[in-house]
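The next block holds one structure in the form of structure tokens; read it before the comments.
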Amino acid sequence: GVGKSSIGRRLASLVYRPFYDCDSVIVDRMGMSIQAMFDHGEERRFREVERDVIAELCQMQPPAVIALGGGALNDEATLQLLLDTSLLVHIHLSWDHFATLIPRLRRGRPLLASASIQEIHELYVARETRYRSCHLTVELRREGVRKSAGMLCDALSPYGIERVERTTTAGQLP
């Protein structure tokens, strides 16, 4: 929706950390798309696997940049684990900007696929309430992946997460 995976991947390269998209890990592990999981009544199983995957990723060394699915924080145990072991960042996009993305977001997002705009707004508000638990919120304005990742990197600096300047030697590409 707000570009968690694209921005997360770019952020990981700026701070020289591994990157994982939690939903992609789940799809690989379960062998089917998230949409298929929900279509087959497997939301509960999806949430169980999501909880396990997040717990595994939180133990990684060096610490990774992890893009979470939009509903991951609805699980109280997952939220507490993330708050206790990670720097949990909410990448916020205003409703006005988010609403412009809804036609594209309906594809591949089971909870949005057949929901009305009102239902999507209610989900947005409910999740925003949950996201207030995060350690940090960074407001984005749809300014592109590079700029957004740079803004996020700057916001992480007070937490001791710094940009890693990589140097190259003659004959190497950056």
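The values are calculated or read from the model by the stated rules, or taken from the named source; none is laboratory data. Only a predicted model underlies this, so the values are computations on that prediction, with no experimental measurement involved. As a convention, Cβ positions derive from the backbone with ideal geometry for all residues, glycine included, and neighbour counts pool all protein chains shown. Just the protein is used for accessible areas: all its heavy atoms, side chains included, with ligands, DNA and RNA removed. Shrake-Rupley method; radii C 1.70, N 1.55, O 1.52, S 1.80 Å.
Tabulated data for the structure shown
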{"quantity": "Subset of segment 81-94 (residues that are within 17 Å of the chain's Cα centre (by Cα) and not polar (S, T, N, Q))", "calculated": "LEU81, LEU82, LEU83, LEU87, LEU88, VAL89, HIS90, ILE91, HIS92, LEU93"}
{"quantity": "Qualifying position, being out of contact with any strand residue (DSSP E or B) (no Cβ under 7 Å at 6 or more places or on another chain) and at pLDDT below 90, among ALA115, ALA149, ALA72", "calculated": "ALA115"}
{"quantity": "Candidate set: segment 38-70, residues that are within 22 Å of SER114 (Cα to Cα) and free of Cβ contacts under 8 Å to residues at least 40 places away in the same chain; chosen: the one surrounded by the most Cβ atoms within 10 Å (Cβ to Cβ)", "calculated": "PHE46"}
{"quantity": "Test: residue in segment 115-133 that is touching a Gly at 6+ places or on another chain (Cβ under 8 Å) and either open to solvent by 50 Å² or more (accessible area, probe 1.4 Å) or free of Cβ contacts under 8 Å to residues at least 40 places away in the same chain (or both)", "calculated": "no"}
{"quantity": "Selection count, segment 134-155, where residues are more than 18 Å from SER94 (Cβ to Cβ), open to solvent by 80 Å² or more (accessible area, probe 1.4 Å) and in contact (Cβ under 8 Å) with a residue 40 or more places away in the chain", "calculated": "1"}
